[in-house]
1. Residues with amide H under 5 Å of Ser64's amide H, sequence separation 5 or more or different chain, H placed in the peptide plane at 1.01 Å from N; which?
2. Provide Rg and Dmax in Å for the range 18-60, with only Cα atoms included in the calculation.
3. By the scheme Lys and Arg +1, Asp and Glu -1, what is the net charge of all other residues having a beta-carbon under 14 Å from that of Phe253?
4. Compute the orientation-averaged projected area for the chain from the convex hull of its Cα atoms and round it to one decimal in nm².
5. How many nm separate the modelled label positions at Ala39 and Leu367, each set 7 Å beyond the Cα in the direction of the Cβ?
6. How do His344, His162, His130 line up, fewest other C-beta atoms within 10 Å first?
7. What are the ³J(HN,Hα) couplings of the range 191-205, residue after residue, when phi is run through the Karplus curve with 6.51, -1.76, 1.60 and θ = phi - 60°? Round to Hz, x for glycine and proline.
8. For each of Ser235, Ser331, count neighbouring Cβ atoms within 10 Å of the residue's Cβ, then give the residues from fewest to most.
Amino acid sequence: MIELKEKLDTLCIFRELLKDSVISSLCTFLENPTGSAYAEFVAALYNANGGNLGEYIKEICTNSENVYVKSVGVGKAVPNYMYCTLVSELDILQEVAQLNKEKLCASLEYKGFLPDFTTTQLRLKDIYLHRAENIGRYGYGIYAKNRMFCVDGQNAIVPVLHPDKIALSDLVDYERERKIILDNTKALLDGKPAANILLTGDAGTGKSSTVKAVANALWDKGLRIIEVRKDQLRSIQKILDELSINPLKFILFIDDLSFLKDDDNFNALKAVLEGSVTAKSSNVVIYATSNRRHIIKEKFSDRDGDDIHRNDTIQELVSLSERFGIHVTFSKPNKETFLHIVHHLAEENGINMTIEELDLLAERFALERGGRSARLARQFIDGLLSR
């Protein structure tokens, strides 16, 4: 056991793993094998993933933001000595992944009950090298296992713990609009020129759902989505600089975008979309949704004020929407489209009701709420399911 501890102490590329709670408690046990130290290790493993050592070792290795994957990620040639170090360390971590209760407890004097754990037999070196060779698809660090992210109060990118799992198959109608967004995103993944997209239209028509569904459909191809709030737009250039060296592709998603006339965030976003001294990141696109065509909340007084160059002012207010390469409009559904969405959702959820009765209740529901939308169709079906 002490020999394995000495091997772990020599980790270089994966050295930060020695601070991991499971590996740290394992090292403590290997150095001084007692029943208490063993239980401490298993407790840490239980808390980490329920008690599968092999899967845990694979996870912390693939999530590691080490010098090797960072070099591969930016296309640098990795020196042979670093590659040899990596392979040697993966052999050490493979040895850890193959540990079991019998091996660890063989030399213990304590013969009472001790907790057990499991492990998955895996070829860690093959898995890791395959992921490194395809790093543009798998990524590393927090981006290896998470698909949706947001920006916290310190302007750091953090994973969304409970991401929206909506799929393209969950969406009804608006096929033309979805295809435009899907094709543009696939172009991004293929390394082709991709445009920033502005999605406008009535509330509840599925703009945000479409962006998230596209991200879910393509995440295993190397796509990630990061939601940025309007009040965080002044930090967007810093975010872009951070993402520019990442091997994955990203959608920066700004939902329900609108500005007051003198909003500082307006100029921040405008500079990023076009006209900034910084080159556009080839691995990032900006998708924004808005219920307003021109994004700026413009008043009649803005048109009739005493501004000598009021025509220039008006053009400034509408120019932001024109800086998106693609503009997709989600129109409010008519009666036929609304009922088609209702029928699809009803069938999907196993609602046993005649078409006539379903249509009557759905139309009544929409009229009581002042209009039709995909969101209202979902709310109507949810209401039927809750009865």
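1. For Ser64, the qualifying residues are Gly141.
2. Cα only, the range 18-60: 9.7, 27 Å (Rg, Dmax).
3. +3
4. Taking a quarter of the hull surface, the average projection is 26.2 nm².
5. In this crude label model, Ala39 to Leu367 measures out at 7.0 nm.
6. His162, His130, His344
7. x, 8, x, 10, 9, 6, 10, 10, 9, 10, x, 5, 4, x, 8
8. Least to most surrounded, the residues fall as Ser331, Ser235.
No value in this document is a laboratory result; all are computed from the given coordinates. This one's a predicted model, so the numbers in the text were calculated from it and none came from an experiment. All Cβ positions, glycine included, derive from the backbone under ideal geometry; neighbour counts span all protein chains shown.
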